[in-house]
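Report on the following structure.
The values are calculated or read from the model by the stated rules, or taken from the named source; none is laboratory data. As the structure is a prediction and not an experimental result, all values here were calculated from the model. Here the Cβ is made from the backbone with ideal geometry for all residues, glycine too, and neighbour counts use every protein chain on show.
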Amino acid sequence: MRHLAGGVSVITPGGSDISGMTVTSVSSLSVEPPSLIVSVNRAASSWPLLKRYGHFGVNILTADQIDIAERFTGRAD
């Protein structure tokens, strides 16, 4: 995480439901145990799944993955 000055990530809830959200609010919380913190608006469509499953995946994107970031913004094409 020390090499990640800032960036875009996709958060995906655990479980079998397909959902995710593009975020810029992922930060390192601690080294031991390795922990991240994410700020999520409770009005977000993925919030109920994050709350239900209680865990999530963090997918840190590179600059050439803008198509993935845009896919999870919630804006319809």
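Looking only at strands (runs of 3 or more DSSP E) that fall completely inside the chain, which ones have 3 or more residues that are at pLDDT below 85?
Qualifying strands (runs of 3 or more DSSP E): none found.
Name, by its number, the condition in (1) surrounded by 12 or more Cβ atoms within 10 Å (Cβ to Cβ); (2) touching a Ser or Thr at 6+ places or on another chain (Cβ under 6 Å) that does not hold for S39.
With respect to (1) surrounded by 12 or more Cβ atoms within 10 Å (Cβ to Cβ); (2) touching a Ser or Thr at 6+ places or on another chain (Cβ under 6 Å), S39 is out only on (1).
How about the stretch 48-76: which of its residues are more than 16 Å from T24 (Cα to Cα) and either surrounded by 11 or more Cβ atoms within 10 Å (Cβ to Cβ) or in contact (Cβ under 8 Å) with a residue 60 or more places away in the chain (or both)?
P48, L49, L50, K51, R52, Y53 - these are the residues of the stretch 48-76 that are more than 16 Å from T24 (Cα to Cα) and either surrounded by 11 or more Cβ atoms within 10 Å (Cβ to Cβ) or in contact (Cβ under 8 Å) with a residue 60 or more places away in the chain (or both).
Yes or no: V26 of a type in the set (A, V, I, L, M), loosely packed, with under 13 Cβ neighbours inside 10 Å and farther than 13 Å from F72 by Cα?
Taking the combined requirement at face value, the residue does not satisfy it.
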